[in-house]
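Take a look at the structure set out below.
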Amino acid sequence: MPDEAENRTHRLATLRDRLSPEMDRRTFLRTVANAGYGLGIASLLGVEDFLNVGSGEVPVVTALVREDPDDPWSIRERTRSVPAEWYARVSKAFELHNHLAEMSVTGYLGSAVQPGTYDRGTASISIQASASEIGRIEELLQVLIDGVSFDIEAIEDLGELEGETFEGEPRLAADIDDGVPGGVRCQTETGYATLGPALYHPDEQQTFFTTAEHAYYDTDPVGKPLSLPLANGETVELGTVSYAHPVEDVVTVEPVGELRPASAIDGAATQVLGQFTRAGLADLAARGEHLEKMGAETGHSSGEISGIDAVTCFTSDVCRTGQLRWGEERDLTDGDSGSVTYHRDPENPNDGVLIAGYNNARTWWPGQNYVWGVSAYHLTNEYGYHF
């Protein structure tokens, strides 16, 4: 007797024979429903994507990658086939998560999507809430639940973030003849941070240095200098801040003088070739892949992805969206902010790396243990920047 997988494949093939790209959406959904096929995937993918599913897979855009490694303006979308059932669940989780974040519920402190693995596959949303308000949020979720699980954690007391000094030698730039790489110490008028790799804005055809906005503390950073301490003891000015994005915790710095930012991370041995999309990060998480970082203080570390498209309301009255959670608290210390997380290019691991996002903060309250910062895809969606 044919097994369940064979029956499912036959049923999908029969349905595909009854579909055409010219169908309007209502006819398409009715045809899918009459065939006894779940509407979850169909409603999320639409006609043409559904026809491209093949044997239970669907193509999704997982990265923005350069066609020419030496041309940062040659960015193109890259697709990868992923399990359609998994993609439907993750898409629903992202949809519900966005709805939750937009509700401005009292006591809501943050949340993130956890995509689940391809073999086990249940997508979930982790939620952090004030202990006094958790009952209200649990009631709300009864309305939202639709094939996605929720994990709610009560936060009793956030306490105060205490500064931490890492006892080690900072990573200082040495070889900058071909440009200044990310992962090395940079300096503002009020402190130290880590330099990111070159950030590009296609509308302006401009290349920027970049680091964390909070390295300028409470001052308006625009027009303020960013400097580079060198391994030989000298300090050179890189440029001045052109744009500040305090919610995302990122500044972009227009170069002055001869030094230019490099599409490279000090110690990674390969160049930056692009960045991951939200779906690309979910794909990495589903496959159990780790992210890496190079901080000016703690150096190299790696860790698992623990939350995608995260919302963080812990640090200010404004919630930060499009965040990425990964690793553990020990992976970040003061002076590492502005560094990026990255992963070897899945298709060309020997040629370069793709950027996942920035590292801007770490947890300091009991019960949770991760590093977070804005995702590269969020900066692209909001402002047009890309790596």
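The values are calculated or read from the model by the stated rules, or taken from the named source; none is laboratory data. If you're wondering where the values come from, they're calculated on a predicted model, not measured in any experiment. Quick reminder, even Gly has a Cβ in these numbers, built from the backbone with ideal geometry, and neighbours come from all protein chains shown. Surface accessibility is based on the protein's heavy atoms, side chains included, excluding ligands, DNA and RNA. Shrake-Rupley method; radii C 1.70, N 1.55, O 1.52, S 1.80 Å.
Brief remarks on what is shown
- Considered as a group, the residues in segment 183-200 that are of a type outside the set (S, T, N, Q) and part of a loop (DSSP other than H, G, I, E, B) include one that is most open to solvent (accessible area, probe 1.4 Å), and that residue is E189.
- Whichever residue in segment 41-76 is under 29 Å from S111 (Cβ atoms), surrounded by fewer than 22 Cβ atoms within 10 Å (Cβ to Cβ) and not hydrophobic (A, V, I, L, M, F, W, C) and, among such residues, is modelled with the highest pLDDT: P59
- Answer residue from segment 240-263, given it is of a type in the set (V, I, T) and part of a strand (DSSP E or B) and is farthest from the chain's Cα centre (by Cα) among those: T240
- Conditions (1) farther than 20 Å from L379 by Cα; (2) at pLDDT 95 or above; (3) among the acidic types (D, E); (4) assigned to a loop (DSSP other than H, G, I, E, B); number of the one not met by D336: (1)
- Answer residue from segment 145-161, given it is open to solvent by 80 Å² or more (accessible area, probe 1.4 Å) and aliphatic (A, V, I, L, M) and is modelled with the highest pLDDT among those: I145
- Restricting segment 77-115 to residues that are among the polar types (S, T, N, Q) and assigned to a strand (DSSP E or B), the residue that is least open to solvent (accessible area, probe 1.4 Å) is S111.
- Scope segment 268-294; condition assigned to a strand (DSSP E or B) and hydrophobic (A, V, I, L, M, F, W, C); matching residues: V272, L273, F276, L291, M294
- Of the numbered criteria (1) open to solvent by 10 Å² or more (accessible area, probe 1.4 Å); (2) within 20 Å of E248 (Cα to Cα), the one R325 fails is (1).
- Annotation: of all residues in segment 356-375 being modelled with pLDDT under 95 and of a type in the set (A, V, I, L, M, F, W, C), the one that is nearest to H386 (Cα to Cα) is A361.
- If only residues of segment 116-131 that are within 17 Å of S91 (Cα to Cα) and small (G, A, S) are counted, the one that is surrounded by the fewest Cβ atoms within 10 Å (Cβ to Cβ) is G121.
- Pairs with Cβ under 7 Å, 6+ apart, first in segment 91-118 and more than 16 Å from A310 (Cβ to Cβ), second hydrophobic (A, V, I, L, M, F, W, C) and assigned to a strand (DSSP E or B): G107/A129
- Filter pass, R344 being of a type in the set (K, R), under 11 Å from the mean Cα position of the chain (by Cα) and farther than 21 Å from E169 by Cα: no
- Only one of the numbered conditions (1) in contact with a helix residue (DSSP H, G or I) (Cβ under 7 Å, 6 or more places away or on another chain); (2) among the hydrophobic types (A, V, I, L, M, F, W, C); (3) assigned to a helix (DSSP H, G or I) is not met by L379, and that is (1).
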